[in-house]
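What follows is one structure encoded as C-alpha cells, with my remarks underneath.
The values are calculated or read from the model by the stated rules, or taken from the named source; none is laboratory data. Model, not experiment: these values are computed from the prediction. Cβ coordinates were reconstructed from backbone atoms using ideal geometry, including for glycine residues, and neighbour counts include every protein chain displayed.
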Amino acid sequence: MQVNIESNSTETRDQVEQLLQFFQSGLRGTVDLVSIQVDRTYDPLGTALYRCHLRAKVSRGADIIVDETQVDLQRAVKRSLDRCSRAVRRRFNPERLSQSA
C-alpha cells in the first residue's frame, strides 16, 4: 500500500504517519493507495480547526473519499481513518452486514 501525506509541517506529518500505522492492518490487501491532506482552517467564529481530506484507492477500482474537520488534529485524522476502514469493510464484507440485521 502506497501512502502520500501532505502537510505544512513535518510535526503534523509525523503524527499522521504514526496514526496511520495503527490503521494500516485494517486496510492492507484491500487498499492500493492512501492520500491524506491535512490543512489548518478557521470556522466563521475564528476557531482554528484541522481539516483532514483522505482518499483511498480500493483494489477493486473504487475511491473512498472522507473529509473530516475537528479542533484536534489527532481526532480529525483518527475519525477519517476510522470512517475509511468501515467503508472498506462494508465494501468487502457485505454479507456480514446482512447477518447482523
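Miscellaneous remarks
- The requirement of being modelled with pLDDT of 90 or more, exposed (fewer than 15 other Cβ atoms within 10 Å of the Cβ) and within 20 Å of Asn93 (Cα to Cα) is fulfilled nowhere in the stretch 48-61; no residue meets it.
- Extreme residue, surrounded by the most Cβ atoms within 10 Å (Cβ to Cβ), among residues of the stretch 68-84 that are over 8 Å from the mean Cα position of the chain (by Cα) and of a type outside the set (A, V, I, L, M): Glu68
- Some residue of the stretch 24-42 being modelled with pLDDT of 90 or more and outside any strand (DSSP E or B): no
- Scanning the stretch 43-90 for residues that are touching a residue at least 40 places away in the same chain (Cβ under 8 Å) and within 11 Å of Thr30 (Cβ to Cβ) turns up Cys84, Ser85, Val88, Arg89.
- Scanning the stretch 4-42 for residues that are of a type in the set (Val, Ile, Thr), surrounded by 15 or more Cβ atoms within 10 Å (Cβ to Cβ) and either under 15 Å from Ala87 (Cβ atoms) or without any contact (Cβ under 8 Å) to a residue 60 or more places away in the chain (or both) turns up Ile5, Thr30, Val31, Val34, Ile36, Val38.
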